[in-house]
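The values are calculated or read from the model by the stated rules, or taken from the named source; none is laboratory data. Note that the structure is a prediction, hence the values are computed from the model and not measured. No Cβ is skipped: glycine too gets one built from the backbone with ideal geometry, and neighbour counts run over all protein chains shown.
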């Protein structure tokens, strides 16, 4: 909806900062909008100077994923604030993983920045990925434009009812988030001593980006053991890395055991 509402096909462009969520580029392509790639720094933070150079009169949106997928880290809020104070197209902050983060949500900044859009989802911390329900937060002007072009029946009744029921169980969800964060920390400690593991990047998400000695071979080996991770070794700045979702204590122990057994 954001592309349809704010971008002119074959004329306008948006900025994305890889490595990042792949659907920004896909959505741009579907809407015939150029996606200009400004890579993150080696520390997985925004390259503000490069973003400034990439912006022109037809740059309508900048997509920022924080915590970022697939790196797991949160973007520096000070950098986001600099963009908000100096760029007056839409700044879209995707917070799909914000519930696992130490950072506060950018929703708190909406009253000060009319060009800010914050995206969240019920797919991650709420465990409702099958419902495909996202949430968009923005100023009234942006919301009114989006409401004019959204499909009239974009969420079915059953999904709405299940989502509303879930939103009444905030305490249970918070308990699950706490458990995942604790398991994430335990998983880091268990992975660190393994000789197959070269580096574990800091994470504010429900997954870890891990640089390993033989990413493709380890990925295939884990598949044979019924363990599915994401091979991100060919993604910009993620060379040699696997993305590992935090599981239950039992699942994490099984993962550690199989990585320790792996011999290329």
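Key figures
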read-out: Those residues of the range 223-260 which are at positive phi and either surrounded by fewer than 14 Cβ atoms within 10 Å (Cβ to Cβ) or out of contact with any helix residue (DSSP H, G or I) (no Cβ under 6 Å at 6 or more places or on another chain) (or both), in sequence order; value: 226, 237
read-out: Scan of the range 114-130 for residues that are assigned to a loop (DSSP other than H, G, I, E, B), at pLDDT 95 or above and surrounded by 18 or more Cβ atoms within 10 Å (Cβ to Cβ), ordered by number; value: 115
read-out: Flag for residue 185 being out of contact with any helix residue (DSSP H, G or I) (no Cβ under 8 Å at 6 or more places or on another chain), within 30 Å of residue 105 (Cα to Cα) and modelled with pLDDT under 95; value: no
read-out: Matching residues, the range 98-109, being crowded, with 18+ Cβ neighbours inside 10 Å and assigned to a loop (DSSP other than H, G, I, E, B); value: 101
read-out: Residue that is surrounded by 16 or more Cβ atoms within 10 Å (Cβ to Cβ), more than 17 Å from the chain's Cα centre (by Cα) and at pLDDT 90 or above, where the choices are 200, 180; value: 200
read-out: From 192, 263, 216, residue being modelled with pLDDT under 95 and either surrounded by 17 or more Cβ atoms within 10 Å (Cβ to Cβ) or over 29 Å from residue 126 (Cβ atoms) (or both); value: 263
read-out: Any chance residue 169 is modelled with pLDDT of 95 or more, over 30 Å from residue 7 (Cα atoms), surrounded by 12 or more Cβ atoms within 10 Å (Cβ to Cβ) and more than 23 Å from the chain's Cα centre (by Cα); value: no
